[in-house]
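For reference, the structure is listed below as structure tokens.
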Amino acid sequence: MSSQTPLPVAVVGAGALGAAAGLALARAGVEVVLVDEAPLAENASGIAAGMLAPAMESSLDPVSTGRFALLSAARDLWPAFVEDLGPTGLERCGALLRAAPAVIEKAMARLGEQGARAQCVEPGALFTPEDWRIEPRLALAAMLDGLRTRGGRLRRGRARAVGPEGLELDDGEVIEARATVLACGFGGQHLSPALSVLEPIKGQSLRYPDVEMSDGPILRGPGGYVVPSRDGPVCGATMEPGVIGLAIDGDAVARLQAEAARLAPQLAGARPQARAGLRATSPDGLPLVGLAEAGGPWLAAGARRDGWLLAPMIAASLVRQIVHGGGPEAAFDPARFAR
């Protein structure tokens, strides 16, 4: 596909995956129109904690066990990906896990088996330098600014349908496009039957805007995490499979507050802001990246809770496929669920 073709690529969804894909395509010389119905960062990516956590994900999350090599390769793409952008808050901060000795021992074993660096720094505490973080709102703004700088356009609106001529919006406008990328997660199921394999996961988290905690490692525990942030630390997060509504649950807030106070005692008694977002996951927890069927839209969805971590890798895969005619990575191939 020639980058000289006048028609743009339309990208639906301005979260981590859509913004990264749009920026990467624009860097490759493609004209891009990024479409989203919500304001900047008013999505699951915008309220996320911004962890780039291959070590803790592959040692604590049963779905991600054994995936350290893949996840750390994705993390390693971040410095070059943001090198020419404005501030993103990228920090090689590491992560500190506080847990019972049996949990620490099991995490150390899993990390060692996968080649991840980690050490016990005190009884009941493990530190790994493998996990980093970004500031989600800063990073989204920087990526969209980078897209605009390269001639990309942002269009506010809800996508109604994808067809051979391009993308149709709810207001009746048709954006003529040579290809359409669906990076809108579970909310895009009406645009492609291939997204019907995705399941929603509601996530609730807390932000403490009145507490200064912008430095230091990510604090992890079996019941949650606390991530430093310039806008106040973030504690999270629930994982509620199959739940679509975004109502705040008082019991969940209380559990998160207790875990926040355990991991960071300075948060005890502080007043948090509760937030909820909707993630999407595929049956195996890895994203769909590529064509599900000939002539259909391109997919970039279903990254579960690793959307920020995987965003540059997913974006690079789309550039290889859309611009250079390459095939999908087997682990991300949307067709794997149709076999």
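A few notes on this one:
- The stretch 204-249: number of residues that are of a type in the set (Lys, Arg) and over 18 Å from Ala270 (Cα atoms): 1
- Residues that are open to solvent by 10 Å² or more (accessible area, probe 1.4 Å) and of a type in the set (A, V, I, L, M, F, W, C) within the stretch 34-50 comprise Ala38, Leu40, Ala44, Ile47, Ala48, Ala49, listed in sequence order.
- Here Ile244 clears all of (1) open to solvent by 20 Å² or more (accessible area, probe 1.4 Å); (2) modelled with pLDDT of 95 or more; (3) of a type outside the set (Asp, Glu); (4) in a loop (DSSP other than H, G, I, E, B) except the condition numbered (2).
- In the stretch 16-27 there is no residue matching the filter, namely being at pLDDT below 95 and either within 28 Å of Gly166 (Cα to Cα) or in contact with a helix residue (DSSP H, G or I) (Cβ under 8 Å, 6 or more places away or on another chain) (or both).
- Screening Gly232, Gly285 for residues that are in a loop (DSSP other than H, G, I, E, B), in contact with a Pro (Cβ under 7 Å, 6 or more places away or on another chain) and either hydroxyl-bearing (Ser, Thr, Tyr) or open to solvent by less than 30 Å² (accessible area, probe 1.4 Å) (or both) leaves exactly one candidate, Gly232.
A quick yes/no check of all residues on (1) modelled with pLDDT of 95 or more; (2) over 24 Å from Leu85 (Cα atoms); (3) not in a helix (DSSP H, G or I):
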| residue | (1), (2), (3) |
| --- | --- |
| Ala258 | yes, yes, no |
| Ala261 | yes, yes, no |
| Arg275 | yes, yes, yes |
| Glu293 | no, yes, yes |
| Gly296 | no, yes, yes |
| Leu299 | yes, yes, yes |
| Met313 | yes, no, no |
| Ile322 | yes, no, no |
| Ala335 | no, yes, no |
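- The one condition from (1) open to solvent by 50 Å² or more (accessible area, probe 1.4 Å); (2) out of contact with any strand residue (DSSP E or B) (no Cβ under 9 Å at 6 or more places or on another chain); (3) touching a residue at least 12 places away in the same chain (Cβ under 8 Å) that Ala270 does not meet is (1).
- Of all residues in the stretch 316-334, those that are more than 19 Å from Val30 (Cβ to Cβ), open to solvent by 30 Å² or more (accessible area, probe 1.4 Å) and out of contact with any Leu (no Cβ under 6 Å at 6 or more places or on another chain) total 2.
- When the residues of the stretch 5-33 are filtered to those that are of a type outside the set (Gly, Ala, Ser) and assigned to a helix (DSSP H, G or I), the one that is surrounded by the fewest Cβ atoms within 10 Å (Cβ to Cβ) is Arg27.
- When each of Gln189, Gln204, Gln114 is tested for being at negative phi and open to solvent by 50 Å² or more (accessible area, probe 1.4 Å), the lone residue that passes is Gln189.
Okay, residues lined up against (1) more than 22 Å from Gly187 (Cβ to Cβ); (2) touching a residue at least 24 places away in the same chain (Cβ under 8 Å):
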residue	(1), (2)
Ala294	yes, no
Pro297	no, yes
Gly302	no, yes
Leu309	no, yes
Ala316	yes, yes
Arg320	yes, no
Glu329	yes, yes
Phe332	no, yes
Phe337	no, yes
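- Criterion (touching a residue at least 24 places away in the same chain (Cβ under 8 Å) and under 23 Å from Gly296 (Cβ atoms)) met by exactly one of Arg158, Arg153, Arg137, Arg133: Arg158
- So Leu85, is it surrounded by 21 or more Cβ atoms within 10 Å (Cβ to Cβ) and modelled with pLDDT of 95 or more: no
- Among residues of the stretch 22-42 that are within 18 Å of Gly151 (Cβ to Cβ), those with a Cβ under 6 angstrom from a residue that is outside any loop (DSSP other than H, G, I, E, B) and charged (D, E, K, R), sequence gap 6+ or separate chain, pair up as Val33/Arg153; Val33/Arg155; Val35/Arg155.
- Filtering the stretch 51-67 to residues that are crowded, with 19+ Cβ neighbours inside 10 Å and either among the aromatic types (Phe, Trp, Tyr) or in contact with a Gly (Cβ under 7 Å, 6 or more places away or on another chain) (or both) leaves Ser58, Ser64.
- Qualifying residue in the stretch 128-137 (condition: surrounded by fewer than 23 Cβ atoms within 10 Å (Cβ to Cβ), among the aliphatic types (A, V, I, L, M) and at pLDDT 95 or above): no
The values are calculated or read from the model by the stated rules, or taken from the named source; none is laboratory data. Note that this is a predicted model, so its numbers are computed, not measured. Neighbour counts run over all protein chains shown; Cβ positions are idealised from the backbone, glycine included. What goes into the accessible areas is simple: the full protein's heavy atoms, side chains included, and nothing from ligands, DNA or RNA. Shrake-Rupley method; radii C 1.70, N 1.55, O 1.52, S 1.80 Å.
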